[in-house]
Amino acid sequence: MDLYEHQARDLFAEYGIAVPEAETVEFAREAALAAERLGGRVVVKAQVKTGGRGKAGGVKLAADPAAAELTARQILGMDIKGHTVRTVMLAQPVDIETEFYVSYVLDRAAGTFLAIASAEGGMDIEEVAATRPEAVARIPIDPAEGVTAAKAVEIAVAAQLPPETAPVLESLWQVLIREDALLVEVNPLVRTTDGRILALDGKVTLDDNAQFRQSRWGDEQQDPGADPLEAAAAAKGLNYVKLDGEVGIIGNGAGLVMSTLDVVAGCGARPANFLDIGGGASAQVMADGLSVILSDPDVKSVFVNVFGGITACDAVADGIVQALETVRLTKPLVVRLDGNNAARGRAILADRAHPLVEQVTTMDGAARQSAVLANAG
Amino acid sequence: MAIFLTKESKVLVQGMTGAEGMKHTRRMLEAGTDVVGGVNPRKAGKSVDFDGRAVPVFGSVADGIAATGADVTVVFVPPPFAKAAVMEAVDAGIGLAVVITEGIPVHDAVVFQAYAEKSETRIIGPNCPGLISPGQSNAGIIPADIATKPGRIGLVSKSGTLTYQLMYELREIGFSSAVGIGGDPVVGTTHIDCLAAFEADPDTELIVLIGEIGGDAEERAAAYIAEHVTKPVVGYIAGFTAPEGKTMGHAGAIVSGSSGTAEAKKKALEASGVRVGSTPSETARLVLDRIAITA
């Protein structure tokens with residue numbers, strides 16, 4: 001889960017990292033007063049969980065409170081890469097002398113966190129990393145030791161950052177550890193012309209698996225820019241991702257569902273979604289899954305692909321039959337059952353004999369059939 | 001032979017007395033696994049009856065090892081307590097810890113993996129189905145009845161269900177071992193570790209490698225294959241249609257920027273001489289073709 005910039009900013013401030021004075025507003029009429037409190041001249045920044053805000057016109061300088069209100073009015077409601085802007089942050093502008101880049105990221109290969117820092121922040125850090133890797137320091141952190149004052153100095157020296165950035169590196173590590181973050185990034189970290197070190201913009205990605213011990217970020221974190229079907233599925237605890245095709249896909253297990261999408265795509269149709277019912281799916285999960293997929297107007301056919309391991313195919317078939325009682329099936333359903341109790345599962349569906357439900361015994365054959373039905377529908 | 005797990009393996013189950021632990025301990029016993037004990041500090045000294053077989057419960061992994069000579073532990077402990085459970089197993093000097101638990105915070109996994117690295121303990125997982133050496137032993141949740149026949153294929157996979165799918169399709173040939181390494185961003189045993197073990201295993205003739213989007217584990221495995229693996233490898237990668245920035249079920253299955261795509265992984269494997277199937281069934285056919293050639 002990503003935090004909004006203003007939330008990342010508040011978090012940095014809480015951990016003693018200096019940030020520009022700022023306020024967030026949801027209504028343009030509040031922007032003028034906020035700007036006045038901040039000294040009149042402000043930067044107005046769209047709060048969306050996606051990059052490229054600047055290029056999309058989501059970051060603008062306003063010379064005075066009246067201009068701030070006008071600018072906020074322009075930016076609020078704007079669509080940036082499918083994300084609607086619901087909040088803008090008004091921040092005091094700062095006079096930048098130098099820009100730096102600092103972050104901690106997970107290094108999957110090494111199984112630990114890595115400090116990435118560069119004296120050339122601000123611009124596209126990936127570009128710098130690709131063209132001049134020597135300008136970017138990458139230092140693994142021993143999880144047992146963490147980032148001590150000495151380690152912070154080591155990182156700063158390696159990245160040729162000024163020594164006064166070391167305390168920021170130390171504090172940023174505390175944000176990562178105490179908030180269960182998978183990524184903390186400050187870009188740019190700046191030195192102002194009057195010699196202050198400020199975090200001008202930042203990104204924080206939290207670990208959803210750690211929510212049981214990180215209770216402060218609640219449901220308000222649901223990205224309002226997200227797809228309404230994704231929101232509905234999330235509310236039902238379903239592992240669902242909306243895609244832009246026509247074949248609705250339900251399966252058991254992340255790997256098998258991903259594979260199903262690929263096989264359907266290989267048959268000349270586009271998957272409409274990813275929906276993993278997980279292990280030991282109940283009738284309720286099956287019904288919930290079907291109802292989410294059937295309420296997607298783009299869906300022309302549905303492919304249920306289950307390889308029973310822990311999950312028993314007869315239970316899945318029972319689930320489908322029960323789902324047919326509660327969900328009105330309007331689109332063809334292609335079902336492939338294999339593995340644990342497949343014969344019993346197939347018999348249950350054969351007995352129910354719903355005219356829109358068709359069984360195919362192989363994954364490839366079922367994928368082909370669901371593609372054909374979607375293209376015909 | 002087999003890798004990491006044989007009929008000699010003596011298996012403890014941490015979290016055996018929980019619902020998942022009970023269900024899967026029963027299945028492991030049915031598959032022939034020598035489950036020698038459970039671990040639960042609050043139920044130490046008791047035992048659990050599985051169809052006439054009494055499995056003792058120990059207060060700690062160390063007690064279980066002392067009493068039984070256990071060398072493998074399977075961890076079903078819930079996420080908030082999983083880190084402590086794994087570290088306890090490492091402290092007790094267990095040889096192999098198979099962490100089934102799903103939803104362990106990444107910071108916890110980073111800590112216990114680093115801790116295990118400084119020890120003799122191999123970790124498989126977390127968030128994995130475990131591993132099976134058909135006809136010998138089963139440590140985890142892989143349904144043993146998919147492929148009961150010991151055989152010549154070694155399989156390593158990030159995905160549980162794709163492990164099952166490929167085992168099913170290749171059940172006539174059978175497996176030396178099948179290892180599900182887990183779909184989390186940070187896992188203990190990697191594709192490379194399994195490739196090395198299968199390469200050294202005289203009973204393994206061909207290796208099936210299943211990967212998915214996210215990270216660069218498959219690219220690194222490809223480089224390793226080019227350098228070190230002489231046995232034929234057949235690959236499969238899931239997630240060609242996954243869009244950028246969306247997590248596809250597994251915590252580690254996400255394409256970020258230009259990295260972690262299925263296409264890049266497939267290319268890297270093919271460049272190392274690995275034949276890569278475009279569907280699970282085509283992958284199985286490639287294996288059958290290859291086995292027919294060598295037979």
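Grouping the Cα pair distances of chain A into 20 Å bins from zero gives a pair-distance distribution of 25, 42, 29, 4 percent in increasing distance order.
Tell me, Kirkwood radius of the protein assembly as shown from alpha-carbon pair distances, in Å? Could you put the intermediate results ahead of the total?
Details: mean 1/r = 0.0374 Å⁻¹.
When all Cα pairs of the protein assembly as shown are included, the Kirkwood radius is 26.7 Å.
Which value, in Å³ per residue, describes the convex hull spanned by the Cα atoms of the range A:21-91?
Values: hull volume 4.6 nm³, N = 71.
Spread over its residues, the Cα hull of the range A:21-91 gives 65 Å³ apiece.
Distances between placed amide hydrogens fall under 5 Å for B:A238 paired with B:G211, B:E212, B:I213, all partners being 5 or more residues away or on another chain.
Based on the alpha carbons, how large is the Rg to Rh ratio for chain B when Rh follows Kirkwood? Taking Rg over the Kirkwood Rh, I get 0.97. Less than 5 angstrom separates the built amide H of A:G278 from those of A:G253, all sequence-distant by 5 or more or on a different chain. The trypsin sites (Lys or Arg not before Pro) of the range B:188-286 that DSSP puts in a loop, and whose beta carbon has at most 16 other beta carbons within 10 Å, are B:K246.
State which entries of A:K55/A:K203; A:K49/B:K266; B:K83/B:K266; A:K49/B:K158 exceed 24 angstrom in Cα-Cα distance in the structure shown. Let's see the in-between values first.
On the way: A:K55/A:K203 18 Å; A:K49/B:K266 31 Å; B:K83/B:K266 34 Å; A:K49/B:K158 29 Å.
Pairs exceeding the cut-off: A:K49/B:K266; B:K83/B:K266; A:K49/B:K158.
Under a 5 Å amide H cut-off, with hydrogens placed 1.01 Å from N, B:A253 pairs with B:M248 among residues at least 5 apart or on other chains. Residues in the range B:174-187 carry Karplus couplings, in order, of x, 10, 6, 8, 10, 10, x, 8, x, x, 7, x, 10, 10 Hz; the curve used is 6.51 cos²θ - 1.76 cosθ + 1.60 with θ = phi - 60°, and Gly or Pro positions show x.
Using the Cβ of B:R285 as centre and a radius below 14 Å, the other residues enclosed give a net charge of -3, where K and R count +1 and D and E count -1.
The long axis of helix A:313-326 is offset from the longest Cα principal axis of chain A by roughly 90 degrees.
Model label points for B:D145 and B:A54, set 7 angstrom from Cα along the Cα-to-Cβ axis, are 2.9 nm apart.
The phi torsions of the range B:51-63, fed into the Karplus equation with coefficients 6.51, -1.76 and 1.60 and a -60° offset, translate into couplings of 6, x, 9, 8, 9, x, 10, 9, x, 8, 5, 4, 4 Hz, rounded to whole numbers, with Gly and Pro shown as x. Loop-located trypsin sites (Lys or Arg not before Pro) across the range B:28-60 with a Cβ neighbour count of 14 or fewer within 10 Å are B:K46, with loop assigned by DSSP. Across B:S157, B:S256, B:S137, mean-square fluctuation computed from a Gaussian network of chain B (C-alpha pairs under 10 Å connected) peaks at B:S256.
Per-residue extension of 0.36 nm, minus the Cα-Cα distance of B:A292 and B:R26, leaves a gain of 92.1 nm for this segment.
Axis of helix B:191-200 versus longest Cα principal axis of chain B: the two differ by about 90°, to the nearest ten degrees.
Given 0.36 nm per residue, what is the gain on full extension from A:T84 to A:Q211 after removing their alpha carbon distance, in nm?
On the way: separation 127, 0.36 × 127 = 45.72 nm, distance 2.58 nm.
Result for the pair: 43.1 nm of gain on full extension.
Backbone N atoms of the range A:50-71 closer than 19 Å to the 7 Å Cα→Cβ label point of A:R41 belong to residues A:59-71. Each of the trypsin sites (Lys or Arg not before Pro) that DSSP puts in a loop and that has at most 11 other Cβ atoms within 10 Å breaks chain A; the longest unbroken stretch is A:56-215. Only the Cβ atoms of Lys and Arg (+1) and of Asp and Glu (-1) were treated as charged; on that basis the dipole of chain A about its Cα centre amounts to roughly 940 debye. For chain A, take the longest principal axis of its alpha carbons; what is the angle in degrees between that and the long axis of helix A:254-266, to the nearest 10 within 0 to 90? Around 70 degrees separate the two axes.
Estimate the FRET efficiency between A:A353 and A:D10 by the formula 1/(1 + (r/R0)^6), using the beta-carbon distance for r and 45 Å for R0, to the nearest 0.05. Walk me through the intermediate numbers first.
Values: r = 59 Å, r/R0 = 1.31.
That gives a FRET efficiency of 0.15.
Give the percent of DSSP beta bridges with both residues in the range B:146-294 that are antiparallel, rounded to the nearest 5. Don't skip to the end; give the middle numbers.
On the way: 2 of 23 bridges.
Approximately 10 percent, going by the DSSP bridge assignments.
Give the residue list of GluC sites (Glu not before Pro) in the range B:54-146 that are DSSP loop and have at most 13 other beta-carbon atoms within 10 angstrom. Counting only loop positions with at most 13 other Cβ atoms within 10 Å, the GluC sites (Glu not before Pro) in the range B:54-146 are B:E120.
For the range B:150-251, a simple Cβ point-charge model (Lys and Arg +1, Asp and Glu -1, everything else neutral) yields a dipole of about 200 debye relative to the Cα centre.
Secondary-structure-derived ellipticity at 222 nm for chain A, considering helices only, amounts to -10500 deg cm²/dmol, per-run term -39500 (n - 2.57) for DSSP H runs with n ≥ 4. Label positions at A:Q160 and A:R196, each projected 7 Å from the Cα along the C-beta direction, are separated by 2.8 nm.
Using only atoms on other chains, find how many Cβ atoms lie within 10 Å of each Cβ of peptide B:178-184 and report the average. Present the calculation step by step, with values, prior to reporting the outcome.
Values: counts 0, 0, 1, 0, 0, 4, 2.
The mean count of partner-chain Cβ atoms within 10 Å per residue comes to 1.
Only alpha carbons enter this Debye calculation for the range B:10-124, each as an equal point scatterer, and the log10 of I(q)/I(0) it gives at q = 0.10, 0.15, 0.16, 0.19 Å⁻¹ is -0.25, -0.57, -0.65, -0.92.
Here the 3J(HN,Hα) profile of the range B:38-49, calculated from phi with Karplus coefficients 6.51, -1.76 and 1.60 at θ = phi - 60°, is x, 10, 7, x, 7, 10, 4, x, 8, 9, 10, 8 Hz, Gly and Pro shown as x.
The average projected area of the range B:146-294, computed from the convex hull of its Cα atoms over all directions, is 7.9 nm².
Looking at the range A:228-376, send over the antiparallel percent of its DSSP beta bridges, to the nearest 5. Could the numbers behind the result be given before it?
Details: 4 of 22 bridges.
About 20 percent, rounded to the nearest 5.
Per residue, the convex hull spanned by the Cα atoms of the range A:196-339 amounts to 155 cubic angstrom.
When the residues B:T68, B:T73 are ordered by accessible surface, computed with a 1.4 Å probe over the protein chains alone, the sequence from largest down reads B:T68, B:T73.
The values are calculated or read from the model by the stated rules, or taken from the named source; none is laboratory data. The structure displayed is predicted, hence computed values, not measured ones. We place every Cβ from the backbone using ideal geometry, glycine too, and count neighbours over all the protein chains shown. Areas reflect the complete protein model, heavy atoms only, side chains present, ligands, DNA and RNA absent. Shrake-Rupley method; radii C 1.70, N 1.55, O 1.52, S 1.80 Å.
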